[in-house]
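The structure appears below as structure tokens.
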Amino acid sequence: MKQVLCFLFLSSILFCHPLLGQEREKDCEQTLNYATAEFEAGRFYGLPEILKQCLERGFTSEQRVRANLLLTQAYLILDDHASAEKSYLSLLKADPEYVANPYRDPVDVYYLSKKFTSTPVFTPYVRMGLNTSFPRYIYEVNTTSNPAALSTNKILRVGFLFGGGVDWNFNERWSLSMGLAYSKKNFKSVWHDGYAQQQLTGIEKQDWIDVPVYLKYSYDSGTIRPFFLAGVAANLLLGARLSPDQVDYNSPLVGSQKASQGADLILTSMRNQINRSLILGGGVKYKVGKNFIVGEIRYMAGLSNLTKSIYTANGQLSPGVIQYQYASPLFRLDNLSISIGYVQPLYNPRKKKRVVAGLLQKWHIKKNTR
């Protein structure tokens, strides 16, 4: 019997809790309407006491913004600037992206708002996506006896990446970003020797740690917010290997080809492990609540020659030369990536250290009239 009563008691709590929340929200809306009527009637002194209980527990975020805006106006009229600043700061904590507008809000509230900012000092993000790489040859090297008969084709392949980073925000639009990402990059090359009637197909697979540092410019309002970025990156090559597939057109079997595929060739010792690159990119942030879903496209142009050794690996003649007549060309590696990410701004409503007034305030007003 006790278990049945306990179950009924818990069930009643779970059932009534949403209803109690709705009743509290409804009562606080009535309280807010009453406070608004008092304000319009010029009775300012009683507003803090009227709103106190719902501000402590009961207001939704939207109601909290309206209530603190009302208190801010009242305190400014009463020439209590310290309380006005405290109320406006509470407003920003309820809605960090609230922006005062001189054509919607009283002008003294608008000027007061210029003393505050909610811009996050740091904004962390994570991202993952796909990439494709483009080798740019500096100098082609080969082992054929007739270089004029050699042709090379490069074929794009898809890799992947995942990582994260943090934006250090100077203001609402400009930030300095630093990231860390693991990238799997690969590309396919086909060398055709018309003189020897041989063809070598090789897929080079590389593992990278990329550390980009770049400036970012972002639009600071709206549901969809474009951004652009430019900077540099340090690139650490963790490993490289070549998957070879040789087709010999001089097969003893008349009218046929002979394909031979061996084990992967380790090229890590033939590559420079520390490299650098330029970065250009852009994308859009889609606002979801207080956070963002981000789509980005980024081009990384290699500045370093990746080839450290053409013929040798670990001080000996490379197995690629012996088995497949493969000699590494001198090349840089470019990379194009498309990614999706998640951004969670760490909002920090606070008073600015320096107040921008005078001409800058007039500039803001003029800007908002456009």
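Here Glu49 clears all of (1) free of Cβ contacts under 8 Å to residues at least 12 places away in the same chain; (2) of a type in the set (D, E, K, R); (3) in contact with a Gly (Cβ under 9 Å, 6 or more places away or on another chain) except the condition numbered (3).
So that you can scan it fast, the table gives a plain yes or no per residue for (1) over 29 Å from the mean Cα position of the chain (by Cα); (2) modelled with pLDDT of 85 or more:
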site: Lys308; (1), (2): yes, yes
site: Gly315; (1), (2): yes, no
site: Asn335; (1), (2): no, yes
site: Gln344; (1), (2): no, yes
site: Pro349; (1), (2): no, yes
site: Trp363; (1), (2): yes, no
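Cβ-Cβ distances below 8 Å connect the following pairs, each with a first residue in region 301-315 that is within 21 Å of Gly231 (Cβ to Cβ), a second residue that is among the hydroxyl-bearing types (Ser, Thr, Tyr) and modelled with pLDDT of 95 or more, and a separation of six or more residues or different chains: Ala301/Ser277; Gly302/Ser277; Leu303/Ser277; Ser304/Ser277.
Would you say Tyr98 is hydroxyl-bearing (Ser, Thr, Tyr) and farther than 24 Å from Ala37 by Cβ?
Taking the combined requirement at face value, the residue does not satisfy it.
Filtered by the rule that a residue be under 30 Å from Asp167 (Cβ atoms), more than 13 Å from the chain's Cα centre (by Cα) and either buried (at least 19 other Cβ atoms within 10 Å of the Cβ) or of a type in the set (Val, Ile, Thr) (or both), region 194-230 gives Gln206, Trp208, Ile209, Asp210, Val211, Thr223, Ile224. Within region 239-265, the set of residues being within 30 Å of Ala301 (Cβ to Cβ), surrounded by 17 or more Cβ atoms within 10 Å (Cβ to Cβ) and at pLDDT below 90 comprises Leu242, Pro244, Leu265.
Farther than 30 Å from Asn335 by Cβ, more than 32 Å from the chain's Cα centre (by Cα), surrounded by fewer than 17 Cβ atoms within 10 Å (Cβ to Cβ) and of a type in the set (Asp, Glu) - does that describe any residue in region 90-105? Checking region 90-105: not a single residue is farther than 30 Å from Asn335 by Cβ, more than 32 Å from the chain's Cα centre (by Cα), surrounded by fewer than 17 Cβ atoms within 10 Å (Cβ to Cβ) and of a type in the set (Asp, Glu).
Any residue at all in region 189-200 that is at positive phi and either modelled with pLDDT under 85 or in a strand (DSSP E or B) (or both)?
Yes, region 189-200 has at least one match.
For region 145-157, the count of residues that are surrounded by 16 or more Cβ atoms within 10 Å (Cβ to Cβ) and either under 30 Å from Ile209 (Cβ atoms) or touching a helix residue (DSSP H, G or I) at 6+ places or on another chain (Cβ under 9 Å) (or both) is zero.
Of everything in region 294-316 that's among the small types (Gly, Ala, Ser) and either part of a loop (DSSP other than H, G, I, E, B) or not assigned by TED's automatic domain parsing to the domain that holds Leu238 (or both), which residue is surrounded by the most Cβ atoms within 10 Å (Cβ to Cβ)?
Ser309
Looking at this structure, is Ser328 within 30 Å of Ser177 (Cβ to Cβ) and either at pLDDT 95 or above or surrounded by 14 or more Cβ atoms within 10 Å (Cβ to Cβ) (or both)? The answer is no for Ser328.
The values are calculated or read from the model by the stated rules, or taken from the named source; none is laboratory data. Quick caveat: nothing in here was measured; it's all calculated off a predicted structure. Heads up, the Cβs are rebuilt from the backbone with ideal geometry, glycines too, and the neighbour counts pull from every protein chain shown.
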